[in-house]
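What follows is a set of notes on a single structure, which appears directly below.
The values are calculated or read from the model by the stated rules, or taken from the named source; none is laboratory data. The structure displayed is predicted, hence computed values, not measured ones. A quick note on method: Cβ atoms are made from the backbone with ideal geometry, for glycine too, and the neighbour counts reach across all protein chains shown. The protein model used for the area step is the full one, side chains on, heavy atoms only, and it has no ligands, DNA or RNA in it. Shrake-Rupley method; radii C 1.70, N 1.55, O 1.52, S 1.80 Å.
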Amino acid sequence: MKLWEENIRRVVPYTPGEQPAGESIIKLNTNENPYPPALGVKKAMQDMDAGRLRKYPDPAAQSLVGCLADYYGVGQDQVFVGVGSDDVLATAFLTFFHSGKPVLFPDISYSFYPVWADLFRIPYETPALDESFGIRAEDYYKSNGGVVFPNPNAPTGLFLPLSQVEEILRHNQDAVVVVDEAYIDFGGTSAVGLTRRYENLLVVQTFSKSRSLAGLRIGFAIGHKDLIRALNDVKYSYNSYTMNIPSLILGVEAVKDEAYFCGTLEKIMATRERAKARLKGLGFSFPDSQANFIFASHKQAPAGELFQALRENQIYVRYFKQPRLENYLRITIGTDEEMDKLFAFLESYLK
Ligand code: PMP
């Protein structure tokens with residue numbers, strides 16, 4: 001091996017879900033929103049002046065930060081924005097998990113967490129979920145270098161009640177606790193309100209799921225101003241212009257249309273509840289999801305085979321070939337029409 005090769009930072013990267021091309025595909029594999037973004041987004045896109053792109057964007061992303069601060073009733077110094085919540089979470093790992101003590105996150109949760117930890121050389125421990133895939137708050141009471149978990153959890157869809165989140169915070173006054181609320185708008189209750197009482201709480205959310213803007217890459221964090229300042233210091237230490245001009249303009253438009261936002265959420269939640277009933281009828285079992293996906297296992301049909309069969313029929317879901325997960329499929333909630341096609345296929349396949 002050449003010396004320069006020895007000096008390469010070796011990492012095992014995260015594997016994102018497939019993005020297959022094609023009109024006829026039913027894409028239920030990456031928890032995207034099946035509905036388009038708010039109409040104002042489309043209009044602003046059409047009205048956008050390409051000449052503006054000559055200049056750099058506002059490095060402080062003031063317009064978007066201000067709009068999110070107003071929406072959540074917090075100060076502008078309490079909001080941080082990034083290129084999807086992946087960027088916000090990665091920056092949080094780099095900023096807050098620097099003690100040398102192990103960071104704690106569930107053994108079954110967002111599979112990007114161990115990747116960031118390895119990339120940034122952060123030690124970590126992964127307390128096991130209980131038999132029903134629940135997070136046990138007491139597993140997070142021991143000494144640690146920080147805590148991070150999704151709520152609702154992914155890929156299980158289970159929501160941890162805020163009282164339990166608060167218990168974790170009460171036992172962790174000396175480390176930063178990051179609650180990853182990528183799926184919170186689909187029926188959970190956000191921990192944003194708790195940031196008033198817990199200076200060490202950072203709540204992270206995204207425009208990718210509930211606001212139908214996965215393609216734009218917008219994520220944000222809300223927390224005490226000292227946390228936000230620390231995030232910004234790290235951000236300005238590697239890339240000051242993370243948010244591009246179209247994202248800043250279109251992100252604000254998405255937040256403006258509350259009626260459309262609520263309407264879309266209602267539709268997805270109604271489809272999810274209908275899907276639970278149908279899947280149960282077909283012999284599937286699953287944790288009671290409060291997210292825009294269902295993590296389902298069939299008593300007879302092995303998930304790996306079902307995954308392949310669905311794929312051959314142009315229906316894409318997500319399959320994780322890992323211990324404890326290998327008999328489950330994570331199915332994103334699509335439109336009613338898409339879900340009906342899924343159910344029709346499952347019905348004939350399982351016969
Ligand atoms: N957190 C969780 C739990 C997720 O499932 C995802 C989606 N892959 C993200 C964060 C990141 O989403 P985005 O970067 O699109 O905001």
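Can you list the residues, at least 5 places off or on another chain, whose amide H is less than 5 Å from the amide H of Leu129, using H built in the peptide plane?
Sorted by chain and number, the residues that satisfy this are Asp107, Ile108.
Note down the nm distance, to one decimal, between modelled labels 7 Å out along Cα→Cβ at Asp77 and at Val11.
Distance between label points: 3.2 nm.
Give me the aspartates and glutamates in straight-line cross-link reach of Lys321: C-alpha distance below 12 Å, same-chain residues under 8 apart excluded.
Lys321 reaches Glu305.
With point charges of +1 on the Cβ of Lys and Arg and -1 on the Cβ of Asp and Glu, referenced to the Cα centre of region 194-351, which listed residue (Ser297, Gln322, Leu248) lies farthest in the positive direction of the dipole?
Final value for the positive-end residue is Gln322.
Cβ neighbours within 10 Å, averaged per peptide: list 311-320, 102-111 in order, most packed at the top.
102-111, 311-320
Can you give me the accessible area per residue for the chain, using a 1.4 Å probe, in Å²?
Details: 16370 Å² over 351 residues.
Ligands and nucleic acids excluded, the figure is 47 Å² per residue.
Please list 16-22, 63-69, 150-156, 134-140 highest first by mean number of surrounding beta-carbon atoms within 10 Å per residue.
My ranking of the peptides, most packed first, is 150-156, 63-69, 134-140, 16-22.
Highest first, please rank the peptides 79-92, 43-56 by the mean number of other Cβ atoms sitting within 10 Å of their residues.
Working: 79-92: 23.0, 43-56: 10.2.
Highest-to-lowest ranking by the protection proxy: 79-92, 43-56.
Roll a 1.4 angstrom probe over the protein heavy atoms and tell me the percent of accessible area of the chain that is carbon or sulfur. If you can, show how the numbers build up before the last one.
Values: 8500 of 16370 Å².
The nonpolar share, carbon plus sulfur, comes to 52 percent.
Determine the calculated [θ] at 222 nm for the chain from helices alone, applying -39500 (n - 2.57) to every DSSP H run no shorter than 4 residues and normalising by the residue count; nearest 500 deg cm²/dmol.
On the way: 11 runs with 125 residues, N = 351.
Result for the chain: -11000 deg cm²/dmol, rounded to the nearest 500.
From Cα coordinates alone, what are the radius of gyration and Dmax values for region 1-113 in angstrom?
In order Rg, Dmax, the Cα atoms of region 1-113 give 19.9, 56 Å.
Can you give the direction-averaged projected area of the convex hull of the alpha-carbon atoms in the chain, in nm²? Walk me through the numbers on the way to the answer.
Working: hull surface 78.9 nm².
Averaged projected area of the chain's Cα convex hull equals 19.7 nm².
One quarter of the convex hull surface, Cα atoms only: what value does that give for region 137-279 in nm²?
Numbers: hull surface 41.2 nm².
Reported value for the Cα convex hull: 10.3 nm².
How high is the relative contact order of the chain, given as a whole-number percent (alpha carbon pairs under 8 Å, six or more residues apart)? Can you show the working numbers first?
On the way: 608 pairs, mean separation 82.9, N = 351.
24 percent.
Roughly what % antiparallel, to the nearest 5, for the DSSP beta bridges in the chain? List each step's numbers first, then the result.
Working: 17 of 30 bridges.
Around 55 percent of the beta bridges assigned by DSSP in the chain are antiparallel ones.
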